Amino acid sequence: MKAAALYNLGRAQEASGRSSEARDAYAESLRLRPSKAVAARLADLGKSAPAPADAPVCSTPMDRALVCDCLMKSVPEDDAPRECTLAPTSLPNFEIATYATSGVGEQNVVVVARDTAGWAVVAELASVYNPGMMGIHEDLGAVTIDERPLGGHTVVEVTASKTRVDRDMGIDEIETEETDHLVVCVVGDATTPTRCPLDVVTRHLYERDRMGLAEDGEGLDAGLTTPGLPIRAEQRISVELGEDGVAKLRVDAGKVDADQLGDRPLW
């Protein structure tokens with residue numbers, strides 16, 4: 001159980017950009033219990049910098065029937081059953097692919113677009129982790145996709161909302177997160193492929209509180225309980241797309257890191 005908890009901690013640290021801390025958590029998890037999934041995650045942290053946002057995995061155009069094969073080949077091999085699905089959207093040239101990245105309830109969700117050369121992954125939308133234990137549950141809500149003209153181009157906005165719940169019975173606490181994600185793509189033409197130059201979390205809400213299972217903390221380990229409950233923190237970013245092809249990202253609420261703000265060119 002401790003090995004599994006350390007793996008989950010590493011996932012959270014990795015998602016928030018704390019790679020060094022995530023590496024330590026994965027290493028300690030492996031020391032307690034061998035796991036191909038954890039070992040693969042640790043190995044990925046040691047690789048070179050990830051591909052740029054406009055060149056995700058399986059970004060080379062291909063036949064639609066080969067997209068899932070490409071995605072499945074991009075993840076570490078193990079003996080666990082894997083699935084990959086392609087789901088149509090309201091736009092005929094855009095689909096959403098969901099594929100398992102491990103045998104412990106991890107999935108990636110990506111945006112797939114068709115150009116004249118074929119189908120290709122153009123953006124990573126979300127990762128979902130549901131180990132089926134430890135009180136952890138993540139859910140990706142309905143993905144919405146809209147198309148409109150902008151500055152002589154056609155842009156597609158893809159949005160998705162993800163919720164995460166982590167219940168810890170041992171310390172009688174519940175942690176919840178809500179994340180709204182926006183991806184903006186510029187539709188290609190006969191010579192230019194479709195690109196998704198803007199990928200931003202527009203809202204993140206974090207809450208932590210007691211579940212109220214124990215009376216006055218009776219039977220709880222005071223050394224593990226979180227001080228200052230309840231905790232609530234929310235950040236929101238507004239996104240304005242200009243006819244000049246510049247996306248303006250501004251603070252709407254909360255404390256937001258400066259590198260998440262500013263003006264971003266779409267073309």
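The values are calculated or read from the model by the stated rules, or taken from the named source; none is laboratory data. This structure is a prediction, so every number in the text was calculated from the model and none was measured. With ideal geometry, Cβ positions are generated from the backbone for all residues, glycine too; neighbour counts draw on all protein chains shown. Accessible surface is based on the protein model in full, side chains and every heavy atom, while ligands, DNA and RNA are left aside. Shrake-Rupley method; radii C 1.70, N 1.55, O 1.52, S 1.80 Å.
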Query raised in the report: If a residue has to be crowded, with 19+ Cβ neighbours inside 10 Å and under 22 Å from Glu175 (Cα atoms) to count, how many in the range 15-36 make the cut?
Result: 4
Report summary line: The number of residues in the range 15-27 that are modelled with pLDDT of 80 or more and within 24 Å of Val128 (Cβ to Cβ) is 5
Report task. Give the range 101-137 a look and list any residue that's free of Cβ contacts under 8 Å to residues at least 60 places away in the same chain, crowded, with 20+ Cβ neighbours inside 10 Å and touching a Pro at 6+ places or on another chain (Cβ under 9 Å), or say none. Result -> Thr101, Val110, Trp119
Query - Where a residue in the range 22-41 is within 19 Å of Gln107 (Cα to Cα) and its partner, wherever it lies, is in a loop (DSSP other than H, G, I, E, B), with Cβ under 6 Å and at least six apart - result: Lys36/Asp78; Ala37/Ser102; Ala37/Val104; Ala40/Pro76
Requested in this report: Name every residue in the range 144-153 that is open to solvent by less than 50 Å² (accessible area, probe 1.4 Å) and free of Cβ contacts under 8 Å to residues at least 60 places away in the same chain, in order of residue number.
Outcome: Ile145
Query raised in the report: In the range 152-174, which residue that is closer than 25 Å to Pro227 by Cβ and of a type outside the set (Val, Ile, Thr) is nearest to the chain's Cα centre (by Cα)?
Result: Arg164
Query raised in the report: With respect to Glu124, is the statement that it is under 30 Å from Ala5 (Cα atoms), within 17 Å of the chain's Cα centre (by Cα) and acidic (Asp, Glu) true?
Result: yes
Report summary line: Pairing a residue in the range 232-254 that is more than 15 Å from Asp180 (Cα to Cα) with any residue that is surrounded by fewer than 15 Cβ atoms within 10 Å (Cβ to Cβ) and aromatic (Phe, Trp, Tyr), where Cβ atoms lie under 7 Å and the two sit 6 or more apart in sequence or on different chains, gives Gly245/Trp267
Query raised in the report: Val75 is checked against (1) within 30 Å of Leu198 (Cβ to Cβ); (2) part of a loop (DSSP other than H, G, I, E, B); (3) at pLDDT 80 or above; (4) touching a strand residue (DSSP E or B) at 6+ places or on another chain (Cβ under 7 Å) and fails just one. What number does that condition carry?
Result: (4)
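How many residues are without any contact (Cβ under 8 Å) to a residue 40 or more places away in the chain, out of contact with any Ser or Thr (no Cβ under 9 Å at 6 or more places or on another chain) and open to solvent by 20 Å² or more (accessible area, probe 1.4 Å) if we restrict to the range 89-100?
Qualifying residue count, the range 89-100: 1.
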Report summary line: Here the residues within the range 219-252 that are among the small types (Gly, Ala, Ser) and under 23 Å from Ile174 (Cβ atoms) are Gly219, Ala222, Gly223, Gly228, Ala233
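The rows are residues; the columns are (1) open to solvent by less than 60 Å² (accessible area, probe 1.4 Å); (2) within 25 Å of Arg167 (Cβ to Cβ); (3) outside any strand (DSSP E or B); (4) touching a Ser or Thr at 6+ places or on another chain (Cβ under 7 Å).
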residue: Thr225; (1), (2), (3), (4): yes, yes, yes, no
residue: Leu229; (1), (2), (3), (4): yes, yes, yes, no
residue: Gln235; (1), (2), (3), (4): yes, yes, no, no
residue: Glu240; (1), (2), (3), (4): no, no, no, no
residue: Glu243; (1), (2), (3), (4): no, no, yes, no
residue: Ala247; (1), (2), (3), (4): yes, no, no, no
residue: Val251; (1), (2), (3), (4): no, no, no, no
residue: Lys255; (1), (2), (3), (4): no, no, yes, no
Report task. Would you point out which residue out of Arg167, Arg264, Arg195 is in contact with a strand residue (DSSP E or B) (Cβ under 8 Å, 6 or more places away or on another chain), within 30 Å of Pro131 (Cα to Cα) and open to solvent by 40 Å² or more (accessible area, probe 1.4 Å)? Result -> Arg167
**Report entry** Options Glu173, Glu157, Glu106; residue that is modelled with pLDDT of 95 or more and among the acidic types (Asp, Glu)
**Finding:** Glu157
